[in-house]
1. Please go through the stretch 273-287 and give me each residue that is within 23 Å of the chain's Cα centre (by Cα) and assigned to a loop (DSSP other than H, G, I, E, B), ordered by number.
2. Looking only at residues in the stretch 349-379 that are in contact with a Leu (Cβ under 9 Å, 6 or more places away or on another chain) and assigned to a loop (DSSP other than H, G, I, E, B), which one is modelled with the lowest pLDDT?
3. Please specify each residue of the stretch 146-156 satisfying the condition of being surrounded by fewer than 18 Cβ atoms within 10 Å (Cβ to Cβ) and either basic (Lys, Arg) or in contact with a Leu (Cβ under 9 Å, 6 or more places away or on another chain) (or both).
4. Hey, among Ala254, Ala232, which residue is of a type in the set (Gly, Ala, Ser) and either in contact with a Gly (Cβ under 7 Å, 6 or more places away or on another chain) or within 27 Å of Ala421 (Cα to Cα) (or both)?
5. Does Glu105 count as under 24 Å from Tyr252 (Cβ atoms), part of a helix (DSSP H, G or I), at pLDDT 90 or above and not aliphatic (A, V, I, L, M)?
6. Across the stretch 203-236, which residue is surrounded by the fewest Cβ atoms within 10 Å (Cβ to Cβ) among those that are more than 21 Å from Ala373 (Cβ to Cβ) and acidic (Asp, Glu)?
7. Restrict the check to the stretch 92-99 and report whether at least one residue is out of contact with any Asp or Glu (no Cβ under 9 Å at 6 or more places or on another chain), closer than 18 Å to Ala237 by Cβ, surrounded by fewer than 20 Cβ atoms within 10 Å (Cβ to Cβ) and among the polar types (S, T, N, Q).
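The values are calculated or read from the model by the stated rules, or taken from the named source; none is laboratory data. All figures in this text were calculated on a predicted structure; none of them were measured in a lab. Glycine also receives a Cβ, built like all others from the backbone with ideal geometry; neighbour counts cover every protein chain displayed.
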Amino acid sequence: MRMLPLPTQSRVKPCHSEPPNPWPDCARLPVHAAAVLAALHLSDPRPELCAALSAAQWQQALDYADRERCTLALRAAVRERMPEPVRCRVDSDAEKNLVRLRHIEQTYRDLAAWFAEAGIDFLLLKGITHGGVFGSSSFSRVQYDLDLWLPRDHAFAARQFLLERGYEALPGTEKLPTDHLPALARKTGWQWRGDFFDPEIPLPVELHFQFWNQRLDRISAPGVEHFWGRRAPRPLAGTHLPALHPADMVAYAALHVLKHVLHGSVRVFHVYEIAAMLHARAGDDAFWSEWLRLHPPALRRLELLAFQLAHNWFGGDLPPAVEQEASVLPARLKLWFEEFSASPATQAFHANKDELWLHLCLVESRRDAWAIALRRLFPRTLPTAAGDSFVPRKDRWRTWLQWRVRWALHTLRRAWHHAAALFATLRSGIRWWRRTH
């Protein structure tokens, strides 16, 4: 098997505020998850925790890393300490991800050609656009969909254009409160086989029409309206494709992390990627001067929340501009990180909704605070039954019962999670009230 290179990180002069690795002593994480997170720490990596895992614990660690999209980052961090079977598996994953990357790049080129023919303007979000700007390469990250941003009228035109070319809306996504139209994909007949790196996993296309959902989260992000005007072509996927300005790309990634933190659905890799970006660009004063110039203070404050979370989780060097901005965050926001910064990482194992207290610090009216609290504590939507999303309609009867049973079990687990989280959140709310009063 051809060995894929491991990504390297540039070294810069460190700042003096690197937090210790919080994961070896995190009682709310099982051993396998703590080992994965501790190994990814940028300032104080603890690969010996992975080396001490048993065969069964390694399987749990890989399952966890797959779900959190950080298997390839773990490979880069501790490959030489992995047992031979584990090393072979992650090397195979990297090879399959390279196959997926080629397919992703070809799909981007196809979409660009189609939209140019139809006169539809767009730009790429996330995915392969992060290579270079974030100090990482495209083959070191996993990508499961294609995110495009378009003005609202162009988004609907693009949707119709793709429907005419064999794409279909994924069932169950029509009523989800997202920043994009229902995801579109071709119904190839693919079904989940337990492999997160399966080269045949279809690539849904998400057509975004806003950078931040102020109506949903009741928080203003002034300045995002200028992202579209600063877009520019970049060498991507073997051609030139429109993408965000690098400073706006960082901002959008930070807003994406913050959104998922506030919704209780953040992935480890997205936080790690922010930490790695800060670490790689810690000495790039020109970049951060541009960042300060382009983004107003209210937008920078939202970005800083994602930056602070990433720094608390994975350490690394901080750019002086970011460190200075973080030092003047409001006291309540600093207190939330002191009390609850590990909560988003532990909620999969110990149900909590401690992100609610962060959200309430950011809204400006009591009415908005009550609306957010009720929505987060008492969800009103059911999980999506999307197990057969890529199976053509005429073939769905073969798997309908199997997936509906799985959906019912998943729904019961989510109901239990919300019930457990309710009591845990009430307890943490009392602690939060005491600390803030």
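1. Answer for the stretch 273-287, where residues must be within 23 Å of the chain's Cα centre (by Cα) and assigned to a loop (DSSP other than H, G, I, E, B): Arg281, Ala282.
2. Restricting to residues being in contact with a Leu (Cβ under 9 Å, 6 or more places away or on another chain) and assigned to a loop (DSSP other than H, G, I, E, B), the top hit is Phe378.
3. Within the stretch 146-156, Arg152, Phe156 meet the criteria.
4. The unique qualifying residue is Ala254.
5. yes
6. Step by step, filter the stretch 203-236, then rank; the result is Glu225.
7. No, the stretch 92-99 has no match at all.
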